[in-house]
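Trainee: I am attaching a structure below and will ask some questions about it afterwards.
The values are calculated or read from the model by the stated rules, or taken from the named source; none is laboratory data. Bear in mind that the values here come from a model prediction, so they are computed numbers and not experimental data. In this analysis, Cβ positions are derived from the backbone assuming ideal geometry, glycine residues included, and neighbour counts consider all displayed protein chains.
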Amino acid sequence: MRSPGMRAPIGMNRFFQRSVGIAVVLAVLVAAGLLVWGIAVTDPPRLWSPVHTTLAGVWQVLYSADLPNLGVMAVALGIAMLMVLFVVVSERVVASRYRRAGIGAAGLPLAPRGVMERTRGVFAGDVTVTVLIPAHNEERSIPATLVSLTQQSVPPDRVIVVADNCTDDTVGVARAHGVDVFETVGNTHKKGGALNQALQELLPTLGDNDTVMVMDADSQIGDDFLAEAVRRFTDDRALMAVGGLFEGEAGHGLLGQFQRNEYIRYQREIRRRDGRVFVLTGTASVFRASALRAVAEARGTRLPGAHGEVYDTAALTEDNELTIALKSLGALTISPTPCSVVTELMPSWRMLWAQRLRWQRGALENLGAYGFTPQTLRYWSQQVAIGYGVLALFAYFALIALMLLAMDTWVWFPFWLGIGLLFALERTITAWKGGWRARVVAILLFPELVYDCFLNLAFLKGVFEIAFGRSATWKHVDHGGSSSEPAAESAPGSASTRGAES
């Protein structure tokens, strides 16, 4: 484990880059092996003799009275609780350490106590908001984004559309809405490179109480988003970033409902954590200018990337990487409930596959770049938890298929039927906010399990690619005529939404 102020040797970083996938797989296999061994060496208790019935005189059904061994269940539950407790306590210890860190704390220029000491008695002016909207061929989607900014209860002080290699009329549409336009020059590093060019000109002109909002060109924020962000920054001068809680747009049939349910559950998880977010979403997040300058200054020494650039252009998931960078410098971040944002969903399975593979591969590469540190502990834990969930879900379907093929008797286990009922109830309650369609999809259970299997395949491909050194690509995805990148939240699942649920 490295201290936050130390950068690993180049050879060590390369080792992590190649072995991060293997490390996740080995941890998952060891945990699964221990559980299988525990079950194999014990005999399950029995409450009553098995009961045989026949369905329609054709299909024999056996109600089995076997229960899982209570000792094994207790040990498995205890280990799971200890792991959760370890992660939670470690996260709180790290956060508490940063809050107590003073000005002299090496490698923690954004630690709350240090920031408070530096700014005591200094008035840096009222909080202002400059919005940067990176856009590549977004003439069809950007009008709704700009309108959502004009409807803010506290409007932004300035809006800049960062037009990156556009071949459509994005620039003309932006100027017609009365906002500024920054056109990139020779950018070959996609969104991160475009933002770096704009920030290199913008940041030197901003004070410590000025903020920068980075917002996707295909998203719309809630009317009180900026008001809440400004209030938070004004009330707490140690706060370095305010992220958005995103929800999916309407439409796109069953696939769209799957994604909306996933995002609703992620929102619920963050609310339960009082806004302590896993990833500052690239969909819409606000950063204090001083925090972005600190990140740019630390690049190439304490942090991966080129010195002087805010975004690491080698990262596939720039929002996840920037979140880890800020936390590695001790930054305090939050995603409050009023900061809502509606983001575009993937309209096809092919686009969803490209998005999630990018998220997963990017999350693993970020872990490889940063190694095992107090700031990345939760992200490592999420990857192991997701991997274990992948193994368990596929094993579940494999065992069902094996029983159907090998037996002429369907065996029901009342204990596991009860567990399944509780699981369906939990899925329904956590998606309740989404309305009746969300509840129907959730209570049926199996459709969402199929969706989870699809996401799990993207996880496995991401792990396989990074473990075997396969090269990764960054893609634009065509949304009905406009070309844009997939929506930017990692979560998790990457270190993203699925990671939050695990």
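Trainee: If I filter the stretch 274-281 for residues that are closer than 19 Å to ALA194 by Cα and of a type outside the set (A, V, I, L, M), do I get at least one hit?
Mentor: Checked against the condition, which is being closer than 19 Å to ALA194 by Cα and of a type outside the set (A, V, I, L, M), the stretch 274-281 yields at least one hit.
Trainee: Right, next: Just to be sure before I move on: is ASP235 more than 14 Å from the chain's Cα centre (by Cα) and within 21 Å of ILE429 (Cβ to Cβ) in the structure I sent?
Mentor: No: the conditions fail for ASP235.
Trainee: Ok, one more. Return the residue satisfying two criteria in turn: it lies in the stretch 98-145 and is β-branched (Val, Ile, Thr) and farther than 30 Å from VAL179 by Cα, and of such residues it is modelled with the lowest pLDDT.
Mentor: Residues of the stretch 98-145 β-branched (Val, Ile, Thr): 103, 115, 119, 122, 127-131, 133, 142, 145.
The next check asks that each one be farther than 30 Å from VAL179 by Cα; those that pass are 103, 115, 119, 122.
Details: ILE103: 47, VAL115: 84, THR119: 82, VAL122: 78.
So the residue we want is ILE103.
Trainee: Right, next: Which of the residues belonging to the stretch 135-159 are assigned to a loop (DSSP other than H, G, I, E, B) and in contact (Cβ under 8 Å) with a residue 40 or more places away in the chain? Steps first, answer last, please.
Mentor: Initial filter on the stretch 135-159 (assigned to a loop (DSSP other than H, G, I, E, B)): 136-141, 151-157.
Hits for the stretch 135-159 are HIS136, ASN137, GLU138, GLU139, ARG140, SER141, GLN151, GLN152, SER153, VAL154, PRO155, PRO156.
Trainee: Considering only residues of the stretch 295-330 that are under 27 Å from ARG273 (Cβ atoms), among the small types (Gly, Ala, Ser) and touching a helix residue (DSSP H, G or I) at 6+ places or on another chain (Cβ under 6 Å), which is surrounded by the most Cβ atoms within 10 Å (Cβ to Cβ)?
Mentor: The selected residue is ALA325.
Trainee: Moving on to the next point. Within the stretch 250-276, restricting attention to residues that are surrounded by 17 or more Cβ atoms within 10 Å (Cβ to Cβ) and among the acidic types (Asp, Glu), which residue is farthest from VAL286 (Cα to Cα)?
Mentor: GLU262
Trainee: Please report, ordered by residue number, the helices (runs of 4 or more DSSP H) entirely within the stretch 169-243 with at least 2 residues that are under 27 Å from ALA314 (Cα atoms) and basic (Lys, Arg).
Mentor: Those helices (runs of 4 or more DSSP H) span 190-202.
Trainee: Only one residue in VAL279, VAL286, VAL310 is outside any helix (DSSP H, G or I) and under 13 Å from the mean Cα position of the chain (by Cα). Which one?
Mentor: None of the others qualify; the one that does is VAL279.
Trainee: With LEU455, LEU444, LEU449 as the choices, which residue is modelled with pLDDT of 80 or more, within 24 Å of LEU352 (Cβ to Cβ) and within 19 Å of the chain's Cα centre (by Cα)?
Mentor: LEU455
Trainee: Please count how many residues of the stretch 210-236 are surrounded by fewer than 21 Cβ atoms within 10 Å (Cβ to Cβ) and at pLDDT below 90.
Mentor: Qualifying residue count for the region: 0.
Trainee: Determine whether MET346 is over 19 Å from ALA467 (Cα atoms), surrounded by fewer than 21 Cβ atoms within 10 Å (Cβ to Cβ) and not basic (Lys, Arg).
Mentor: Judged against the criteria, MET346 is not a match.
Trainee: Name every residue in the stretch 190-226 that is over 26 Å from the mean Cα position of the chain (by Cα) and among the β-branched types (Val, Ile, Thr), in order of residue number.
Mentor: Of everything in the stretch 190-226, just one residue is over 26 Å from the mean Cα position of the chain (by Cα) and among the β-branched types (Val, Ile, Thr), namely THR205.
For (1) under 29 Å from ARG288 (Cβ atoms); (2) in contact (Cβ under 8 Å) with a residue 40 or more places away in the chain; (3) exposed (fewer than 13 other Cβ atoms within 10 Å of the Cβ), each residue gets a yes or a no:
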| site | (1), (2), (3) |
| --- | --- |
| ILE334 | yes, yes, no |
| TRP353 | no, yes, no |
| ARG361 | no, yes, no |
| ILE386 | no, yes, no |
| MET403 | no, no, yes |
| PRO414 | no, yes, no |
